[in-house]
1. Could you give the C-alpha radius of gyration of region 148-295 expressed as a fraction of 2.2 N^0.38 Å, taking N as the number of residues it contains?
2. Starting with the highest mean, order 133-143, 210-220 by the number of other Cβ atoms within 10 Å, averaged over the residues of each peptide.
3. For the chain, what does the helix formula give at 222 nm: sum of -39500 (n - 2.57) over DSSP H segments with n ≥ 4, over the residue count, nearest 500 deg cm²/dmol?
4. Please list, or write none, the aspartates and glutamates whose alpha carbon is within less than 14 Å of the alpha carbon of Lys112, excluding same-chain residues fewer than 8 places away.
5. Which of Lys40/Lys173; Lys256/Lys282; Lys40/Lys270; Lys128/Lys256 have a Cα-Cα distance over 23 Å?
6. Quote the relative contact order of the chain in percent (integer), defining contacts as alpha-carbon pairs under 8 Å separated by 6+ residues.
7. Quote the FRET efficiency, to the nearest 0.05, computed for Gln274 versus Trp196 with a Förster distance R0 of 51 Å and r equal to the Cβ-Cβ distance.
8. Let me see the P(r) profile for region 24-74: every Cα-Cα distance counted, bins of 10 Å, each bin given as a percent of all pairs.
Amino acid sequence: MDLVVMAAGMGSRFGGLKQIEPIDDDKNFIIDYSVYDAVKVGFDRVIFIIKEENLEDFKSTIGNRLAKIVKVEYAFQKLENVPKGVEIPKDRVKPWGTAHAIFSVKDIVSDKFAIINADDFYGYQSFKIVYDFLKNNKDNEFVSAGYLVKNTMSDKGSVKRGIFDVENGNVKKLTESVIESRSGKIYATPLNQENWKEISPETLVSMNMFGFTKKLMKRLEKDIVEFFAKPTYVKDEFLIPMVVNDMMCEGEINLKVIQTPEKWYGITYKEDLQEFKEAVCKMIEDGVYPKHLYK
């Protein structure tokens, strides 16, 4: 089963791939821990979505090392990677978003696959939740590991999360939102709406960790064409949670959310790095991870 890792933006927050700082004594990165957990639960191929110009840097820094424990392949997220007949605007520079990134693996990925962000730490139990579901799901059943929002916050500023509206374990709605802490309380607003409301710390949110079938790819090809037909597409992003939400609302798929006990760590802000290093050190001391991942 495939693990698709969205890494096209890896390095941009730190000024380039070579400037990404390791998070343990063996100079491993966040993605090393994700792949370690994924392989442990049963994933047997990793597909990295990267920028083509970063290929050699990525291989020498990350890919070649991981290729020793799992099959590794690469896909490139390019602006021109769109269905035939779609005209690319000349003034668009940045990639189109996570849904466009996943579209770039349409000819590589297997029938069932999971997706994650390269710069987020998900934890072993989250990978197990997604893998176990995918082993027995139907073509129209997707899954997401749901994190308690209190376990996904950064004290350095606001974060973007998809908020699940759940009924009996099934997601009825997934709303991409901006979330931030204020005086010990958590507030959220849908993207670009400035409609802030307090939410419970126990609210389940998405960290872009999903389990899909290839049914998603057929939908992406259709939605990309519609995305480009909108007058705001030059600035908008084409995002996976929004596509999944539309598929749910139209009865095309069922999305199951299963709560994970894991705490998210990531580097939304550069200042988050030290906190994550300390967390990894503590997990190694507690025996959650070996002192040397690949030795």
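1. In units of the globular-protein estimate, region 148-295 measures up at 1.21.
2. 210-220, 133-143
3. The helix-only estimate for the chain comes to -7500 deg cm²/dmol at 222 nm.
4. Cross-link targets: Asp2, Asp44, Asp132, Asp139, Glu141.
5. Details: Lys40/Lys173 32 Å; Lys256/Lys282 32 Å; Lys40/Lys270 29 Å; Lys128/Lys256 14 Å.
Correct reply: Lys40/Lys173; Lys256/Lys282; Lys40/Lys270.
6. Details: 524 pairs, mean separation 69.0, N = 295.
Relative contact order of the chain: 23 percent.
7. Approximately 0.95, to the nearest 0.05.
8. Per 10 Å bin, starting at 0, the Cα pair percentages come out as 24, 59, 17, 0.
No lab work stands behind these numbers, since they all come straight from the coordinates. None of these values were measured; they are calculated from a predicted model. Virtual Cβ from ideal backbone geometry, glycine too; neighbours counted across all protein chains shown.
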